[in-house]
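Student: Dropping the structure in here first, questions after.
The values are calculated or read from the model by the stated rules, or taken from the named source; none is laboratory data. Here the structure is a predicted model, which is why all the values come from computation and not from measurement. All Cβ positions, glycine included, derive from the backbone under ideal geometry; neighbour counts span all protein chains shown. Note: accessible area is taken over every heavy atom of the protein model, side chains too, but ligands, DNA and RNA are not part of it. Shrake-Rupley method; radii C 1.70, N 1.55, O 1.52, S 1.80 Å.
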Amino acid sequence: MKKILIISAILSVLALTGCKDFLVQEPVTSQSSEQLLSDYTGLNNAVAGAYSPLASTSWYGATYFTLDADTRAGLAAWPRLSDFQSGRMATGFTLTYNDNSTSGLWSFGYYIISAANNVIDQIDAIGETLLSTDVSQQDLDNLKAECLFLRALSHFDLLRIYSRNDQPELGVPVILHTDHTSTEQPARNTIREVYDQIEKDLFQADSLMAEGYTRSGITDPNSAANKYVIKALAARVYLYDATFTKGQGEDASEKYQAAADYATEVIESGNYQMWTAEQYPTVWHNDVGSGEIIFEVYGKKANSYDGYWEAACHMTNPNGYADICASRAFVESFADGDVRGKTGVRQGVGPNEDGSMFVTDPEEASGDYWPMKYPGKGDGNVTGTPDVNNCPIIRLSEMYLIRAEAIVNGASSSSTADADLNTIRSNRGVADEQASEQAIWNEYKWEFCFEGQFWFTTARLATTNNTWAVIEYASDEVARRNGNTVLDASSIYWALPLSRSEMDVNENLVQMPGYER
């Protein structure tokens, strides 16, 4: 069990924060300020604040995590005209990652882990002294469950971006306690150890959280953990773990069954509904997510982690920085009638009235198409301040794809893989298809484009001997990627390198193969 503060990670984040507007409290990362965590109000504020860095552009603020993933995945393209790009996203297109130009998720991930650990340890230490007529054991259990969820999500996303299934010894450090006086330098845990801890945290979080618990005092209830958010993340984690386990030549049946069971609990909860083909183009600008949204980052300028000019709605707007447009080959890959692939011309703020999910610039000068999953809420303008947008993290449609893939791999369910796959397709205006692991993989591409899911799905499959799980780049975009035409299992880019600053202060860390100096 590691009890350590990853020094450069915390210092990097602290250097980025500065003065904050009030939306949520800052994550508490220092036990020296024990007064902040000495009562229920302080603990509750600390948990609320621990969600805030998820909105960073290094994470679910989308620019350098989800959108950057799609630059590698071949779904995004560099705009043809220089007038429509600022160069901010060049690394993903050119595949020039190195230890000086890698994702900042390491810093933010361990920052949230540190904040969650502080609250968990404090509840364990003084929880009984806080019980009163106003504070019950269930109140404390709910806070602890939220922290366990955040710790699991952070470890999982760190694993997804800095590890790969065919390098099982190179997971990420599992940090369960934060000790600011320790000089210990944590090494990478194995991927098996990381998954085991994530699953343990999610199981405990699920058992602790009350059935109807919803965090109070927030505008968007979908932006914080509840019991079904925990179950939905567990479904995703178990599917990833099943793929890893199968790739190690081990029996993955229990993992696939757990993924299917958790997905079924979410689907059958009745809390979420599939968007219809008519609804699909209209929902992306909503202030508060509904329907398919299980968990999302709430976009608000008052959150100082908001990406502002570099947020997704400005980066994918032909009137904004416009660095991320859609690959023309990808736009043309949608079936006729698929609402997800409809094209048009950008019309003002918010979703297009014609239902377009890909839009060209108003003058149609570029010939490129920009995705409309981040159209903005109308809270800003191009010439003054940028707009904001929520960023989806988990949607109901993913639960159907998780269960379908688990069933294809032997899991038992009252549903079928075909029925689950086609629940999505029928709500998008396209014909039914027979389910297979490859067909499900393709559906991730169309359903979760510009949400980052397709890249990470391909990474877990490509690095476990699925030879069909490759990224192919259209010929007119090859020159922007240093001559790479295909990313297969041999590519180093399925995992990103650790930063040089972290390697310099921790001699126990091992760099991902291919990125060593």
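Student: Going through the range 165-187 one residue at a time, which ones are within 24 Å of Leu54 (Cα to Cα) and open to solvent by less than 30 Å² (accessible area, probe 1.4 Å)?
Tutor: Let us first name the residues in the range 165-187 that are within 24 Å of Leu54 (Cα to Cα), namely 171-180, 186.
Once the filter is applied, which keeps residues that are within 24 Å of Leu54 (Cα to Cα) and open to solvent by less than 30 Å² (accessible area, probe 1.4 Å), the range 165-187 yields Gly171, Val172, Pro173, Val174, Ile175, Leu176, Thr178, Pro186.
Student: To continue, here is another question. Given Ala210, Ala258, which one is crowded, with 19+ Cβ neighbours inside 10 Å and of a type in the set (Gly, Ala, Ser)?
Tutor: Result of the check over Ala210, Ala258: Ala258.
Student: Can you tell me which residue among Ser207, Ser107, Ser101 is modelled with pLDDT under 95 and assigned to a helix (DSSP H, G or I)? If you could, list the steps in order and put the result at the bottom.
Tutor: On the way: Ser207 fails: modelled with pLDDT under 95; Ser101 fails: assigned to a helix (DSSP H, G or I).
That would be Ser107, the only listed residue that is modelled with pLDDT under 95 and assigned to a helix (DSSP H, G or I).
Student: Within the range 48-60, track down each residue that is over 12 Å from Phe450 (Cα atoms), in contact (Cβ under 8 Å) with a residue 60 or more places away in the chain and not in a helix (DSSP H, G or I).
Tutor: Tyr51, Ser56, Thr57, Trp59
Student: When you look at Gln434, is it surrounded by fewer than 20 Cβ atoms within 10 Å (Cβ to Cβ), in contact (Cβ under 8 Å) with a residue 12 or more places away in the chain, under 27 Å from Asp336 (Cα atoms) and touching an Asp or Glu at 6+ places or on another chain (Cβ under 7 Å), yes or no?
Tutor: Judged against the criteria, Gln434 is a match.
Student: Answer yes or no: is there a residue in the range 399-414 that is farther than 30 Å from Cys313 by Cβ, modelled with pLDDT of 95 or more, buried (at least 23 other Cβ atoms within 10 Å of the Cβ) and within 20 Å of the chain's Cα centre (by Cα).
Tutor: Yes, the conditions are met somewhere in the range 399-414.
Student: Test each condition in (1) surrounded by 20 or more Cβ atoms within 10 Å (Cβ to Cβ); (2) under 30 Å from Ile267 (Cα atoms); (3) acidic (Asp, Glu) for Asp368 and report the one that comes out false.
Tutor: Going through the list (1) surrounded by 20 or more Cβ atoms within 10 Å (Cβ to Cβ); (2) under 30 Å from Ile267 (Cα atoms); (3) acidic (Asp, Glu), Asp368 breaks only (2).
Student: I'm told Ala115 meets every condition in (1) surrounded by fewer than 18 Cβ atoms within 10 Å (Cβ to Cβ); (2) outside any loop (DSSP other than H, G, I, E, B) except one. Can you identify the failing condition by its number?
Tutor: The one condition Ala115 does not meet is (1).
Student: Listed residues Leu37, Leu75; which is hydrophobic (A, V, I, L, M, F, W, C), open to solvent by less than 10 Å² (accessible area, probe 1.4 Å) and either over 21 Å from Asn118 (Cα atoms) or at pLDDT 95 or above (or both)? Full working, then the answer.
Tutor: Working: Leu37 fails: either over 21 Å from Asn118 (Cα atoms) or at pLDDT 95 or above (or both).
Result of the check over Leu37, Leu75: Leu75.
Student: Tell me, please, whether a residue that is in a loop (DSSP other than H, G, I, E, B) and in contact with a His (Cβ under 8 Å, 6 or more places away or on another chain) can be found in the range 316-330.
Tutor: Yes - at least one qualifying residue is present in the range 316-330.
Student: Has the range 375-384 got at least one residue that is at pLDDT 95 or above and either assigned to a strand (DSSP E or B) or open to solvent by 10 Å² or more (accessible area, probe 1.4 Å) (or both)?
Tutor: no
Student: What are the pairs with Cβ atoms under 7 angstrom where one residue, in the range 290-306, is closer than 30 Å to Thr276 by Cβ and the other, located anywhere, is among the basic types (Lys, Arg) and part of a loop (DSSP other than H, G, I, E, B)? Sequence gap at least six, or different chains.
Tutor: Gly299/Lys377
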